[in-house]
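Step one of this worksheet: look at the structure below.
The values are calculated or read from the model by the stated rules, or taken from the named source; none is laboratory data. All of these numbers come straight from a predicted model, not from anything done at the bench. Here the Cβ positions follow ideal geometry from the backbone for every residue, glycine too, while neighbour counts run over all protein chains shown.
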Amino acid sequence: MRRKPNFELLARSGYAARGVVFLLVAGLAMVSGVSGGKADTKSAVSTLLEQPFGRVWVGFIGLGLLGFVAWRLAQSLADSDGHGTDRKAIVIRIAMFGSAITYIGLAGYALGHAIGATGGSDGSGEKGLAQWVMSQPFGPYIAIAIGIGFIVGGVVTSAKGLTQRFKKYLRLPEAKGVVTMVCIYGLVARGVVFAITGVLFAYAGLSVDPDQAGSISEALSWLRQLPFGSILYMVVAVGLAAFGIYNLVEARYRIVRGPVVGDVKRVLPV
């Protein structure tokens, strides 16, 4: 059955929107490395909002991120990438479902600000999630589990870059060595930030303090406190720009299979 062109447009616009957001995050990180400030996805959206025609651009990003959410749901629930149903595949698909939930929040934040409804929280998504989790029964234990999930996700993301497994899902033209290196760099940097965020989230659970959970900004600040921290900070900040470029590459070259009835039947228990 042919894939639906409209669904492919949703997926590609989603990758493009995420790429723009991470390029803005990287720019904020480099600037904040000198002048201070926050470098996370919501700050990136807020910064774009201040530019000429800012609401229009933020609205397009919000709509694009909704397309990305649709694609993540197809990957996780309908197994559009064909991962299967073994243990490793289930872990990957759960991570994709978690990504869909995360980007629903960012898309709503962007669209709300695009139409002038700014009543949502301006705090980082990770801290908001931590506060909600901590208020639930067994909240600290759940926070620790989420932190471990972030750490595993970081390792998997970095490994996806180092092993060049991402090329399996791209139709890259030949002689694109520079593009491949940028993609590897971006995925490794994103994986490092994921893992540090997981450590901070797990620590928030251990200390029963949701304020200890961190966003991209806090993860970068943590890096800065290490030996040669300023160098590590800039290496990862530039890496986040590379991750943004990787998403733009996916917007152009990603193999997109829309969910079809066969996919759904294959992943549902008989």
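Numerical summary
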read-out	value
Residue that is surrounded by the most Cβ atoms within 10 Å (Cβ to Cβ), among those in region 166-191 that are in a helix (DSSP H, G or I) and among the small types (Gly, Ala, Ser)	GLY186
Extreme residue, modelled with the lowest pLDDT, among residues of region 107-139 that are loosely packed, with under 13 Cβ neighbours inside 10 Å and β-branched (Val, Ile, Thr)	THR118
Only one of ILE146, ILE151, ILE104, ILE142 that is more than 27 Å from VAL179 (Cα to Cα), assigned to a helix (DSSP H, G or I) and at pLDDT 85 or above	ILE104
Region 197-218: number of residues that are farther than 20 Å from ALA44 by Cα, at pLDDT 75 or above and of a type in the set (A, V, I, L, M)	5
Checking VAL69 against (1) under 22 Å from VAL156 (Cβ atoms); (2) assigned to a helix (DSSP H, G or I); (3) modelled with pLDDT under 90; (4) not basic (Lys, Arg), the condition it does not meet	(3)
Selection status of ARG93, among the charged types (D, E, K, R), at pLDDT 85 or above, within 19 Å of GLY149 (Cα to Cα) and crowded, with 17+ Cβ neighbours inside 10 Å	yes
PHE194 surrounded by 16 or more Cβ atoms within 10 Å (Cβ to Cβ), in contact with an Asp or Glu (Cβ under 7 Å, 6 or more places away or on another chain), in contact (Cβ under 8 Å) with a residue 12 or more places away in the chain and not β-branched (Val, Ile, Thr)	no
Residue list for region 154-165, filter: in a helix (DSSP H, G or I) and either within 17 Å of TRP222 (Cβ to Cβ) or touching a residue at least 12 places away in the same chain (Cβ under 8 Å) (or both)	GLY154, VAL155, VAL156, THR157, SER158, ALA159, LYS160, GLY161, LEU162
